[in-house]
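These notes are about the structure you will find just below.
The values are calculated or read from the model by the stated rules, or taken from the named source; none is laboratory data. Note that the structure is a prediction, hence the values are computed from the model and not measured. Backbone-built Cβ (ideal geometry, glycine too); neighbour counts: all protein chains shown.
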Amino acid sequence: MNPLLQRRQFLGTTALGFGQLAFHSLLGSETGVMSPTSHHPARAKRVIFLFMKGGPSHVDTFDPKPLLDRDHGKEPPFDLPRVTFAKQGNLLKSPWKFRQYGESGLPVSDLFPNVAQCVDDLCIIRSAHGTNPAHGGAALKLHTGSDTFVRPSMGSWVVYGLGSENRNLPSFITICPTLAHGGVNNWGSAFLPQRCQGTPMGTASTPSVNAKVNHIAHPSLGQDVQRRQLDFVQQLNRRSLEENPHAEALTARLESFELAYRMQTAMPDAQDISGETEATRKLYGLDNPVTENFGRQCLLARRFCERGVRFIQVTHSDTEVQWDQHSDLYQGHTKNAAEVDKPIAGLLKDLKSRGLLEDTLVVWGGEFGRTPTAQGTNGRDHNPHGFTIWMAGGGVKGGLAYGATDDYGYYAERDKMHVHDIHATILHLLGLNHERLTFRHAGRDFRLTDVHGNVAKSILA
Amino acid sequence: MEGISQGRNEAGRTIDGICQPSELHRIPGIPPSRHRNRGSSGVGFTNVIIPHSSGTTRSVGLLSLAVLSFGLNRTFGSEAISPEHLDFFEKKIRPVLVEHCYECHDAGQGKIKGGLALTSKNAIAHGGDSGPMLTTGDPETSLLIKAVRYKDRDFQMPPRSPLPTEAVRDLEKWITMGAPDPRNEEVVAKTSSGGMSPEEGRNFWSFQKRSEISLPSLPSDPPVTNPVDAFIRFAQREKGLTPSLPAEKEAWIRRVTFDLTGLPPTPEEVDVFLKDTSPEAREKTVDRLLDSPHYGVRWGRHWLDVARYADSNGLDENLAFGNAWRYRDYVFKAFNEDKPFDRFLIEQLAGDLLPGRNEETLVATGFLALGARVLAEPDRAKLEMDVIDEQLDTLGKTFLGLTLGCARCHDHKFDPILQSDYYSLAAIFRNTSNFDETKTGAIHHWFEHKLEDHGTAAELKDWDKKIEEARKAASGFKSKTEGEIRGKARAKAVDYLVAAVGFDPDTSLDRVEEIAADFDLHPRILYHTRRHLGVNRDAPVFKAWWEYQAKGDLEGLRAFYEDKFEKAVLLFSDLQKKDPKIAVLPDADLEVYRAELFDNAGFLAVPAKPEHAFDEIALAEYDRLEEEARVLESAAPDHPAAMGVADVPKIVDTLPIHIRGSHLNLGDSVPRAFPAVFSSGEAAFPEKASGRLELAKWMADPDHPLTARVIVNRVWRWHFGQGLVGSMENFGPLGETPSHPELLDWLANWFVDEGWSIKKLNRLILLSETYGMSSTPAGERYAEIDPENRFLSFFPIRRLEAEEVRDAILAVSGRLDGEQGGKTIPLRNRQMVFNHTSKDHTSYDSLRRTAYLPVVRNNLYDWLQLFDFPDPTMPTGHRVSTTIAPQALIMLNAPLAIDSSAAFARRLLSSAGNDDDRIHLAWQLAFGRSPSAAEAESASSFLVSSADLEERWTLFCHSLFASNQFIYLN
């Protein structure tokens, strides 16, 4: 194991070290204690995870299936899984047309005309698969690698492995996350140090314009009054420190108040988009009420990205119409895609023009895909057996379709990438070896990938 | 072949991390339950050439190898291989194996996933965890072929992509020809360093019975009277450590009061103690605190940590545990009444099976039911085994300090626990009902004991009915309103088509709203209409639209569609009068227009989201109705029931070992039994009962090597902040060794002899000199000799725990509500805490003690989460104490701190005396002592400010809450 990680672990388990540790880690690069500790050269420094809650359909977006069109309405000519979430009907063709885009000529459906313009930057993994056919289990699996127990989330592992690049902001921020289906567990640090916990801004029920970190500001006191109060607190604290000079936790606490005070300014600064140009706002669709909400989330993601936040999750989880079209596929997916297509394309273009896409890995996907078979007359059921996740930037090949599902899109079949493999590959791009990024807890070494995971080397740029 | 046997069951935790794939060294072909050679481990990481033998003695799971080649020659003898066969192997088979299989199944590289190596003839013959890989001459029954054919979704290899068809055919052919293989080396596997055998385990300290311990003799003057001190002082002398001086009386009473009740001492209590100069002053204080009802709240809460208590499921789906509070109250009462710990254990594991079972003992079994479960798991068989796993893991960690869950997929990698031991215990729990037959959608309901309803049944039925009606009112209103919107849009269908000509699909909704206003249309529907036209450009129904649009002929467009729609609608209604069942128009052309007009997902689709579809008034009404239904449900009384477990009607005596933890890959059956390390004899289990009661009694036996040690160690930890054994939940070889082994055993003996009384143990420890030491070290030497202070040369300073922080703020400000017991989660049993809306309705406005606030898994109350409240899905005997900036933010900005500061200020301002007296009182309330002159001075100068009186004092009080002295105990 990497000596720094080892030291972290040692500190993490001793009573005296802990406060000190968390404190230094928050200071991040300033003290150098938590400077990045890669296992190998990193291609990406940070991650933006665009999570489409509910399960967008791959056969209607990035994985065209001509045979599905041809055999529309027929019984599926293959065995269904042993366990399915709901009763499966006959094959259902996609209501959308696919067109080819870019130099790569990769097909994208009419649901994503804007993202399609960036197709040469996308690495479309068409062979993703997971293990759980229910939302909660699948969302937990995707975020934490386990659908059976509470485990640290992917973002927490990344922060644990790489530390922070900004001393005044959290290292792992999740914007408007859903509280359902795993909820906090999806950004929780579980047994990893508390500092690795994701910091939520609002929830899926909060319009992103109102999304804030909890307790980031006093409801009435001005900063100057609060400064005076803080000085008095610190005066008292210094006295107790003089009485107990050996207690490191007391020093750490003294500093944590100063850091908190600085966060009170840094966070609103990061969220204040008044300085963004008209062109940028338009790029993200902030000029259209349909795209404004998600557009703002994406723009915030870029701003956090610039400020060195390590892992940023952006969730699209409509409170009524998630990507979960058991019925009315056409309506639901049309609405959802209309809300995210422009903002996502805007984010990719903006990151690229600012040179950030180079070392920022953007990941798009839901907890599973949907069945090529119908549920009811016009819906699709959950499908964890084969679906699409795409990545962009941060060391992946653009303009690539990797892996494949079968002819109808039910099962991942070629170059299969299990969720564990996706995790292993993301960590790899960040310079972390998924087999060596471990944490000892309750007598065992834990990993994001458990005992699984292979890096998909052929998607690396 | 790791993935192979697993299907979708990966049995996560149990093989996490430490058992890296490369370490899974089991001899191929030897099912875990057989051929074990107990006690012959220790081969180490070397390739071993195995002599032929027929060694099939029982072995430890870790493959100590020897066993390999039994009978090999008979089947796959090393007779010479023909040149043709050799050629076929080298050209067709070896390359496939090397390219596609060796990455995971190469014994030489130590890669033996699923226990399988494919690098030698013997290895293939023996196979892996799933059994031998081939039947010579018969591809149809060979596992190898089954896997590469990729037909069985739960059993296919290679994991990422199927082999080329040609390669599969070659493998089939190869097996048909007898699987000729020149790789005769019998190098099979590297062996794992592995866990202990049961025999070895019996020599490990924690599995050995306790013996009589005599007190160490110390030349001490005055003599040491408390046995605890004798052991501690003795070890300190050995280490060359000097203990610190006794703590100040103020520090001691604050320490002990928080310790036993979780609350600060009142100024009066401090005063009485300071004035009491009798030798019994401390005893009196300890007895007073042990008698306080707050004792049970504080110490019961410790137990809830290790019982992973929560008021909601919060794993995949978050349903309220509306009856969990009964277990919480049971625990608090048990501590207040000092229920003997052996009885406490038995009630929690088997209260439903006790001869004198009653409501209290049924409630106690909630311990087994409180785990977080994947309630929407559609695979029932997996779900049942996952629940058993959670129960075994929890009871192992909580009572025995054993990580039993590690043996779900394979023998424990470190402890002397075999996989067969795990399934013997699981067989006991397989006889337990964990689920009711009802469900909420796809969500399974956990089992509950029905309790006496005291005549409320009729009333509850009425509530159920009212809730149902309220829900229907909301959903009915929604469909009615949608119907109206749809009807209105249909009446103006042509206007939508005309208006849609005026803009392209990328137009901002703002602009579309303006256009819609001109035509008096629904903007979101119009927005959709235009996009729908784009997507369905080729649909016959819109052919005319595109033509007229291209020509810019709006009048023509209007006339065309008015004509079509009108005709279609009229014709249809005429036909309907004759035949009410008619579904489509016979005229195929007209039907296209009719169908589109009436298609709910067509160009006039009403937005699915009420916020988008409804006007403000309708939306407000809909929200009101939904909220009414939710509030009604939240307020409804529950059917009286207790979470718990009961035996199933049909008892099974055995359970098959689940190979690699998968319910899809079953091995030999094992009988119900206790782990082999604890005894060599077989235990007798009743035919007609699960065996849980026998298990509980066995665990509660005074001579059980682990139970008493584990609980005594916990109590020690809860007093001193660290255990004598540092790893509270792990007394196995990977856990920490005891700092004071004799003290641990002496305490365990004493505890059992004194009737398993927790309060007596508290008293013994609290009245020791060790507990009474100052937190200031006597010198610097400890930093070199004992930097972690395991030998307690001074009292460890500690930060208040989450509940203490909030309770102290409320107590000092005079706001604390001391009410005890009862249901506190403001949700009905099994109500969703969160649904898809992500709206957080949990309220924490209550001013009751924090231990009574709902523990919502998945969305813990901020004050709990930030101050290191343990993850309520796993047993935690040692809470960590971190220092992070968000703790400062909540302390500075949260309403609880602000409001309590104001109350604290009012409390001071309403007291008699001048500002100096008030500062004095503030110090006594907040810190349990008087301020020094310098402190009083800086307080006075802070209070000089232009703000108004109450505001000034509020800020002052807030500062005291935020200070280190408030939140740390010396």
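If we keep just the residues of the range A:365-381 that are within 12 Å of chain B (Cβ to nearest Cβ) and part of a strand (DSSP E or B), which is farthest from A:Phe49 (Cα to Cα)? For the range A:365-381, the residue satisfying everything is A:Gly379. For B:Val374, the test of being within 14 Å of another protein chain (Cβ to nearest Cβ), among the β-branched types (Val, Ile, Thr) and touching a residue at least 24 places away in the same chain (Cβ under 8 Å) is passed.
Checked against the criterion of being out of contact with any Leu (no Cβ under 8 Å at 6 or more places or on another chain), surrounded by 22 or more Cβ atoms within 10 Å (Cβ to Cβ) and more than 30 Å from B:Gly401 (Cα to Cα), the candidates A:Gly409, A:Gly393, A:Gly403, A:Gly365 yield just one match: A:Gly403. For the range A:106-145, filtered to residues that are in contact with an Asp or Glu (Cβ under 7 Å, 6 or more places away or on another chain) and of a type in the set (S, T, N, Q), the residue that is surrounded by the most Cβ atoms within 10 Å (Cβ to Cβ) is A:Asn132. Scanning the range A:324-342 turns up no residue that is more than 11 Å from every other protein chain (Cβ to nearest Cβ), touching a Gly at 6+ places or on another chain (Cβ under 8 Å) and closer than 27 Å to A:Val158 by Cβ.
Set side by side, the residues B:Ala470, B:Ala491 differ, and just one is among the hydrophobic types (A, V, I, L, M, F, W, C), in the same structural domain as B:Ala613 (by TED's automatic domain parsing), free of Cβ contacts under 8 Å to residues at least 24 places away in the same chain and out of contact with any Lys or Arg (no Cβ under 6 Å at 6 or more places or on another chain), which is B:Ala491. Any residue at all in the range B:530-538 that's surrounded by fewer than 14 Cβ atoms within 10 Å (Cβ to Cβ), assigned by TED's automatic domain parsing to the domain that holds B:Phe603 and either at negative phi or not in a helix (DSSP H, G or I) (or both)? Yes, that holds for at least one residue. Between B:Leu383, B:Leu362, B:Leu353, the distinction of being closer than 21 Å to B:Ala320 by Cα, surrounded by fewer than 24 Cβ atoms within 10 Å (Cβ to Cβ) and of a type in the set (A, V, I, L, M) belongs to B:Leu383 only. Among residues that are within 8 Å of chain B (Cβ to nearest Cβ), aliphatic (A, V, I, L, M) and without any contact (Cβ under 8 Å) to a residue 12 or more places away in the chain, A:Val233 is not included. Has the range A:347-356 got any residue that is surrounded by 22 or more Cβ atoms within 10 Å (Cβ to Cβ), modelled with pLDDT of 95 or more and within 15 Å of A:Gly55 (Cα to Cα)? Among the residues of the range A:347-356, not one is surrounded by 22 or more Cβ atoms within 10 Å (Cβ to Cβ), modelled with pLDDT of 95 or more and within 15 Å of A:Gly55 (Cα to Cα), which makes the answer no. The single condition among (1) in a helix (DSSP H, G or I); (2) within 12 Å of chain B (Cβ to nearest Cβ) that A:Val159 does not meet is (2).
Exactly one residue out of B:Glu626, B:Glu566 is out of contact with any Phe, Trp or Tyr (no Cβ under 7 Å at 6 or more places or on another chain) and more than 14 Å from chain A (Cβ to nearest Cβ): that is B:Glu566.
Entry remark, the range A:115-156: residues being assigned to a loop (DSSP other than H, G, I, E, B), within 13 Å of chain B (Cβ to nearest Cβ) and not aromatic (Phe, Trp, Tyr) number 14 in total.
Going by the conditions given, is B:Val148 buried (at least 20 other Cβ atoms within 10 Å of the Cβ), within 42 Å of the chain's Cα centre (by Cα) and either modelled with pLDDT of 90 or more or farther than 30 Å from B:Pro733 by Cβ (or both)? Yes.
Could you identify the single residue in B:Gly322, B:Gly314, B:Gly300 that is within 22 Å of the chain's Cα centre (by Cα), within 14 Å of another protein chain (Cβ to nearest Cβ) and surrounded by 21 or more Cβ atoms within 10 Å (Cβ to Cβ)?
On the way: B:Gly322 fails: within 14 Å of another protein chain (Cβ to nearest Cβ); B:Gly300 fails: within 14 Å of another protein chain (Cβ to nearest Cβ).
After ruling out the rest, the residue left standing is B:Gly314.
One residue alone among B:Ala933, B:Ala905 is out of contact with any Leu (no Cβ under 8 Å at 6 or more places or on another chain), at negative phi, in contact (Cβ under 8 Å) with a residue 24 or more places away in the chain and more than 10 Å from chain A (Cβ to nearest Cβ), and that residue is B:Ala905. If the condition is being touching a strand residue (DSSP E or B) at 6+ places or on another chain (Cβ under 7 Å), hydrophobic (A, V, I, L, M, F, W, C) and not in a loop (DSSP other than H, G, I, E, B), then the range A:288-326 contributes A:Phe294, A:Cys298, A:Leu300, A:Ala301, A:Phe304, A:Cys305, A:Phe311, A:Ile312, A:Val314. Considering each residue of the range B:772-790, count those that are touching a helix residue (DSSP H, G or I) at 6+ places or on another chain (Cβ under 6 Å) and crowded, with 22+ Cβ neighbours inside 10 Å, and give that number. Matching residues across the range B:772-790 total 0. The condition (being free of Cβ contacts under 8 Å to residues at least 40 places away in the same chain, within 9 Å of chain B (Cβ to nearest Cβ) and not hydrophobic (A, V, I, L, M, F, W, C)) is satisfied by just one residue among A:Glu278, A:Glu243, A:Glu255: A:Glu243. Of the residues A:Arg227, A:Arg281, the single one that is of a type in the set (D, E, K, R) and touching a Phe, Trp or Tyr at 6+ places or on another chain (Cβ under 8 Å) is A:Arg227. Taken over the range B:596-629, the criterion of being within 24 Å of B:Leu521 (Cβ to Cβ), assigned to a helix (DSSP H, G or I) and in contact (Cβ under 8 Å) with a residue 24 or more places away in the chain is satisfied by B:Glu596, B:Leu597, B:Phe598, B:Pro610, B:His612, B:Ala613, B:Ala618, B:Glu621, B:Tyr622.
Criterion applied to A:Gly355, A:Gly285 was being more than 24 Å from A:Trp187 (Cα to Cα) and either within 11 Å of chain B (Cβ to nearest Cβ) or part of a helix (DSSP H, G or I) (or both), and the one residue passing it is A:Gly285.
Note on the range B:951-966: residues that are at the interface with chain A (Cβ under 8 Å from one of its Cβ atoms), under 17 Å from B:Glu801 (Cβ atoms) and in contact (Cβ under 8 Å) with a residue 12 or more places away in the chain total 1. Summed over the range B:137-152, residues that are in contact with a Phe, Trp or Tyr (Cβ under 7 Å, 6 or more places away or on another chain) and either without any contact (Cβ under 8 Å) to a residue 12 or more places away in the chain or more than 17 Å from B:Val96 (Cα to Cα) (or both) total 1. Take B:Leu864 and decide whether it is closer than 19 Å to B:Arg328 by Cα, within 18 Å of the chain's Cα centre (by Cα) and in a loop (DSSP other than H, G, I, E, B). The answer is no for B:Leu864. Scanning the range B:400-420 for residues that are assigned to a helix (DSSP H, G or I), surrounded by 24 or more Cβ atoms within 10 Å (Cβ to Cβ) and not small (Gly, Ala, Ser) gives B:Leu404, B:Cys406, B:Gln419.
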